[in-house]
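Input: a single structure, listed below in structure tokens.
Derivation of every value follows stated rules applied to the coordinates shown; laboratory data play no part. All values reported here derive from a predicted model rather than from experimental measurement. Positions of Cβ are generated from backbone atoms using ideal geometry, with glycine treated the same way; all protein chains shown enter the neighbour counts.
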Amino acid sequence: MSSNKFPTPTSVVGKSVPRVDALDKVLGRAQFTADLQRNFPGLFHIKVLRSPHAHARIVKLDTSQAGKLPGVRAVVTGKDCPEKVSFRAPRILALEEVIWAGEGVAAVAAESPEIAQEAIELIQVEYEKLPAVFDAEEAMQPNPPAIVDRLLGQYRGSPQFTPEAPNVTGHFKLRAGDVEKGFAEADIILENRFSTSRISHSQLEPASCIVRAESDGGIITWTNGQGVYVIKGLISDLFGLAVGKVRVINPYQGGSFGSRLRHYVEPLATLLALKARGTVQFTYSRQEMYLAASTRLPVVTYIKTGAKKDGTIVAQQMKIIVDNGASYAAIQDGRMAASGAVCVYRIANFFMDSYGVNTNTPWAGAYRGLGTPQVAWAVECQMDMLAENLGMSPIELRRKNVLRRGEKNAYGEIIESIGVMDCLEKVAQEIKLEEPCVQEPGPWRKGKGVAMGGKQNTPRGHSEAEVLVHEDGTVEVLYSADEQGMGSETVMAQIAAEEFRIPMGQVRVRRGDTAITPYDTFSASSFTTYNTGNALRMACQDAMRQILQAATQKMEAPLDDLALVNGKIIVKGSPGMALADLFEPFSIFTPQGGASLKKGTPVRGRGVFAPTPAIPWDPQTGLTPKMWNWYQYNACGVELVVNIETGEIKILQGVFAADMGFPINPKMCEGQIEGGFGMAIGASIMEEYIYENGLMTNCSYGDYRIPTFREMPLRRNVKAIFSPDPLPEGPWGAKGIGEGTMIAVAPAIANAVYNAIGIRIKDLPLSAERVLRRIKEKEKNDQDFLHN
Amino acid sequence: MKQRKELNVNGKIYEVFVEPWRTLLEVLREELHLTGAKMGCDDGNCGACTVVIDGKAIKGCLMLVPQAKGKKILTIEGLGSGENLHPLQQAFIDHFAVQCGFCTPGMIMSAKALLDEKPDATEEEIRSGLQGNICRCTGYVKIVEAVEAARDKLAQKSNPL
Amino acid sequence: MRFDFYEPTTIGECIEMLTHFGQEASLLAGGTDLLVKLRLRHIRPQAVISLGVIDELKKLERKSDGSLEIGAMKTLQEVESSNLLANEFDLVRQGAGCVSSIQVRNVATLGGNSCNASPSADTVPALIALGAEVQIVGPHGERHLVLEDFFTGPGETVLQKGEILTEFKLPAPSSHSGGTYKKYAIRGEVDISIVGVATRLTLDRNHKLQEVRIVLGGVAPTPNRVRRAEDMLVGQDPREELFEEAAQLAAEESRPISDQRATAQYRREMVKVWTRYTLQETFQKARQNHHGKG
């Protein structure tokens, strides 16, 4: 890579060039997985029978009638599934017990979706209901009302599994400094409990895959699941298939937000494709997307903070309980979520216990920030409450305690890029936090609030990229990270165009096919620009080196004097030559080996990037000089109104500042900010799973309320600000942005609600019902107070 | 059970042989291979399957194929081509109103029907007119921006001064 | 979902088919609710009979006596944008205009919104407030009844075997009146109502409340009038405290349930709030009409 710390981009990097996938998408030509079904006449369709009970023993399961229905090709139950359980996927079908309402019990592949559905209805199943546990705090007790999964410890082989707390899946401890001493020095101690609801990613495109069983025993899978190589590994491992005979292809993905990181359709489809010896398609219904896809981890956070009169935080103690739901696989040990409390403030004395716990509720996992927004929700509300108690401005309190570049956080990491305070200062200024709101007559009360946050980047796996440089100067980029909408294809095209100094139109991106594109993990932890982008820069430079090497002979110039710019080899002090002239035509008289470039044969450049690995932490203290890789930061300010008669909240204005490092494509960064802000409005004021006996009752887009146009402020009232602190090893100083954009929104909204009506709500969402209930309670308390 | 139906889609007459319980969305996608309209929920909430019938936006998953008989159906595939984009398509590209792209065809078709009906639609009218289309990626900001830009472009075209 | 599809061209033909299939048939108006029920297999009819090409069901006429007749197959969008329904009948436009999304309103019909018999149908409270009558045609001829009596429970109506609802008749309203429908839902029109309130007030010569209708949707098995609240207001001088009292009575008379959209307690509270809002707004309208027309 270049030796400059921040090489200045000169052509397209840093510019808002149009997305390379936009044309196909506005024409309706972009191919999503379900769009490919038309290519497979004779395709079998899969439907699943799901449990209505949260916890039950399967007493009887009779699929014989279903199997006899004409048009049914294959029927499977838990007994047909591989015994192996993977960390990457939920259990394919229940075996002896169902552990959440919505778990699959049996599945059918049939000639049409109608026949498959009819077959499902012919399956007879008898359940014996068992006690269930829905509350994580109850579930984590030594004698819980139910054990979610008796086999959990055995399946996981986890060193953290203890028979004494059979639903606890992990426990992360942080012991920094001396918390007792810290609290003893504190002038004020504040203790609170916060919680967040279970929410759904609700990405527009349902999970979908097509699996074709090949004659040689291998399979080809087209899927919108994330990470083609991860799926390849998962499927070959689960089914004992030769790795070389599993091919995974990834069309466009209609959103993910973390949902597609666990693979809930591919394993069952593979099972049925192998059994049917044909091609099957499995697409979740929207109802299944709520009942049996990933969800966001509900988190309960207890937080106790000690501070001096001047605002200095001298001690913090936290207990974090992360609810995995009924998870066989997506196990949390609490460490990820905990990071939301560590990465922003300088807290020398920090005592924390963070737990992952299973319950009999739909399983949960990654969701735009993997637990950190849920914990930041507690921290940032706590900061405002602390500021009020101290009689300080919330900005001043944060300024006092925020981590600065070069300082150590509580893990013991030295922070090399942190723009969080600048983000907050800009947001506070833009929203005019110091100016009180002018109230109008009527039931609507205005308020403003701010918050900030950060998200760690996991140094996970490695990324590869390749470029094919053709004689006419066009470049193909080959990579395997995902394109779930965030714009990775555009960023990669920009990087290649920049490196070769060619127009964007001369770059073609090829992505996501394990038989063609090189290894990558998946797009998670906001690392695609950083991981895959760095790999691609190396690939470009590798190809460049090969080309210039060939040019040294032709042009009789030393390598250092040569450069490739827009299809032309430039030599210091000479007119240069066209790239095409380096490629020699075929002739029986020219030597075909050697260093020269051949017409029709592209130069193939290859790059591999692996982030610097973490350093194992002490399991008793959680301390390490490198827990994660880098951090993205953000701050949000909102102005809103609360209706004191209905409890409704309307967001009038939203200002969001992000430190994503250097923005490769500013408009796309804005898009991430606006999208994360919108998504967070849903999580903050509307979204939650409603259950009856553990069965979700609002499992549709009609009743699970994600934001529409109406819930967003007018467009002139949404403002995205960049406040980057570039990261030295990121491409041109880039970090990442996708996950950070929700974190500060919910606490900013709660802080604004407090500002508007003087009521502190500590549980998400701030639904109209919850807000009104609290308003009524306060009215009653105020009256009681007057009468006493 | 299967019946012969004629469908007028994007100015072409198609003859299909389908069961009457198939929805217009299914037939467009599975029989005519027009996969621009997407299935996001199949219960009329997400709007990703929006097409325009006799000038009005409808949700393809909420209409049985016999109900579309004799009507002029316009899908995203008939709106513009690569060389000749509709101003809405161009504006969606220029204003970054596209992210994952799954809602995009339906969103554009709803916006097309809206602007045909109200060429001077305000931001408020655009927001309420498109409320039946859900997007989970963009926060809608750039979609509103794009529709406003297309509106202004279309107005320029009809009053070339 | 599998069924045979029929498309009669006259009401008579339709009734014959309905009589033949009995319980095995479902009527298809716009289909925006029916298709969802079919797909979820809440119903499994053998035959679906479309009303789509029966022209008799698509009329919209103002009669010489000032009353209005609306065919059951008028789409909600047609109702919402009809000039014939401006002014006195505007309540119906308000109700039709807040059903779901424009894509649904372009297809869904006024008749379907009633026959679906959802407790939270948005056009029903408005129609009841205007005193709408329905015309029902069946194998034994025609019958008429007030819309309020049409519903017998969630998803259930008085329609007998072979009968269809063909049109709504709205009596000529007094000019000294006003009406408002308000839907309360978290995300506005795209959500199913938590509560819907239609109110209609007619003022007498002395500006006293001569006729009062308060109709609630979404808070009982069927949309219904709250008569104690109405009676309390009749003959009174309209004023703020009175509306608040009426709203309180309306809340007490409502019989909401808890479901995935709201708890019963919240619904009842919202009845109180939105009844008051609509009464206030309706009174302003009625007063303006009174002044405007002397």
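Ranked for footprinting exposure by Cβ neighbours inside 10 Å, fewest first, A:Val17, B:Val52, A:Val565, A:Val108 give A:Val565, A:Val17, B:Val52, A:Val108. Between the beta carbons of B:Glu125 and A:Glu440, assuming R0 = 25 Å, the FRET efficiency works out to 0.55 to the nearest 0.05. DSSP beta bridges confined to chain A are antiparallel in about 75 percent of cases. A Förster distance of 45 Å, applied to the separation of the beta-carbon atoms of A:Arg501 and A:Ile588, puts the FRET efficiency at 0.80.
Legend: ranking of residues C:Arg143, B:Arg151 from fewest to most surrounding C-beta atoms inside 10 Å; resulting order C:Arg143, B:Arg151.
Give me the distance between the Cα centres of the range A:183-235 and the range A:422-448, rounded to whole Å. Centre-to-centre (Cα) distance: 36 Å. Pairs to check: B:Lys38/B:Lys157; A:Lys719/B:Lys153; A:Lys25/A:Lys232; A:Lys448/B:Lys38. Give those whose C-alpha atoms are more than 32 Å from each other in this structure. Correct reply: A:Lys448/B:Lys38. By the compact-protein rule of thumb, 2.2 N^0.38 Å, the alpha-carbon radius of gyration of the range A:448-590 corresponds to a ratio of 1.28. Centre-to-centre separation between the Cα atoms of the range A:25-93 and those of the range C:55-80: 48 Å. Beyond 22 Å in Cα-Cα separation lie the following of the pairs A:Lys778/C:Lys272; A:Lys309/A:Lys426; B:Lys118/C:Lys59: A:Lys309/A:Lys426; B:Lys118/C:Lys59. Take B:Asn84, project a point 7 Å from its Cα along the Cβ direction, then tell me which residues of the range B:8-30 have their backbone nitrogen under 17 Å from it. Hits in the range B:8-30 for B:Asn84 at 17 Å: B:10-12. Please list, in order, the residues from the range A:487-530 whose amide nitrogen is less than 14 Å from a point placed 7 Å along the Cα→Cβ vector of A:Glu476. Counting backbone N atoms under 14 Å from the label point, the list is A:507-518. Normalised size of the protein assembly as shown, defined as Cα radius of gyration per 2.2 N^0.38 Å with N residues, equals 0.96.
Ranked by the mean number of other Cβ atoms within 10 Å of their residues, highest first, the peptides A:187-200, A:487-500 fall in the order A:487-500, A:187-200.
For A:Val571, A:Val280, A:Val179, what's the fewest-to-most ordering of other Cβ within 10 Å of each Cβ? Ascending Cβ contact count within 10 Å gives the list A:Val571, A:Val179, A:Val280.
Shielding by partners for peptide A:696-704, expressed as the average number of C-beta atoms from other protein chains within 10 Å of each residue's C-beta, is 5. Inter-chain Cβ neighbour count for A:765-772, averaged per residue, equals 3 (cutoff 10 Å, partner chain atoms only).
Computed on chain A, with alpha-carbon pairs under 8 angstrom and 6+ residues apart, the relative contact order is 16 percent.
Peptide B:45-57 has a mean of 5 when you count, residue by residue, the C-beta atoms of other protein chains within 10 Å of its C-beta.
Checked against a 23 Å cut-off, the cross-linked pairs A:Lys15/A:Lys455; A:Lys400/A:Lys432; B:Lys12/B:Lys71; B:Lys71/B:Lys142 give Cα-Cα distances beyond that limit for A:Lys15/A:Lys455; B:Lys71/B:Lys142.
For the range B:3-78, relative contact order (Cα pairs under 8 Å, six or more residues apart, normalised by length) works out to 38 percent. What separates the Cα centres of the range A:323-389 and the range B:1-80 is a distance of 46 Å. Using Cβ point charges alone (K and R +1, D and E -1), the dipole size of chain C about the Cα centre works out to roughly 620 debye.
Which values of log₁₀ I(q)/I(0), to two decimal places, follow from the Debye formula for the range A:657-788 at q = 0.11, 0.14, 0.17 Å⁻¹ with a uniform point scatterer at every Cα? For the range A:657-788 at q = 0.11, 0.14, 0.17 Å⁻¹, log10 I(q)/I(0) is -0.56, -0.79, -0.99.
In a reduced charge model with +1 at each Lys and Arg Cβ and -1 at each Asp and Glu Cβ, chain A shows a dipole moment near 740 debye about its Cα centre. Express the relative contact order of the range B:87-158 as a whole percentage, based on alpha carbon pairs under 8 Å and six or more residues apart in sequence. Once divided by the residue count of the range B:87-158, the mean separation gives 51 percent. Extending 7 Å from the Cα toward the beta-carbon at both A:Asp561 and C:Gln265 defines two label points whose distance is 8.6 nm. Taking the charge dipole of the protein assembly as shown about its Cα centre, with +1 at Lys and Arg Cβ atoms and -1 at Asp and Glu Cβ atoms, the residue from A:Pro251, A:Val655, A:Leu268 reaching farthest to the positive side is A:Pro251. For the peptides A:548-560, A:254-266, the ranking by packing is A:254-266, A:548-560, with the highest mean count of neighbouring Cβ atoms within 10 Å listed first. Shape class of the range A:370-468 from the Cα gyration tensor (axes a ≥ b ≥ c, square roots of the eigenvalues): prolate, since a/c reaches 1.5 or more and a/b is larger than b/c.
In this calculation the C-beta distance from B:Lys153 to A:Ser596 is compared with R0 = 51 Å, giving a FRET efficiency of 0.50. Farthest toward the positive end of the dipole of the range B:87-158, out of B:Phe92, B:Ser128, B:Pro105, is the Cα of B:Pro105, where the dipole comes from beta carbon charges about the Cα centre. With the highest mean first, a sort of the peptides B:115-126, A:408-419 on other beta-carbon atoms found within 10 angstrom per residue produces A:408-419, B:115-126.
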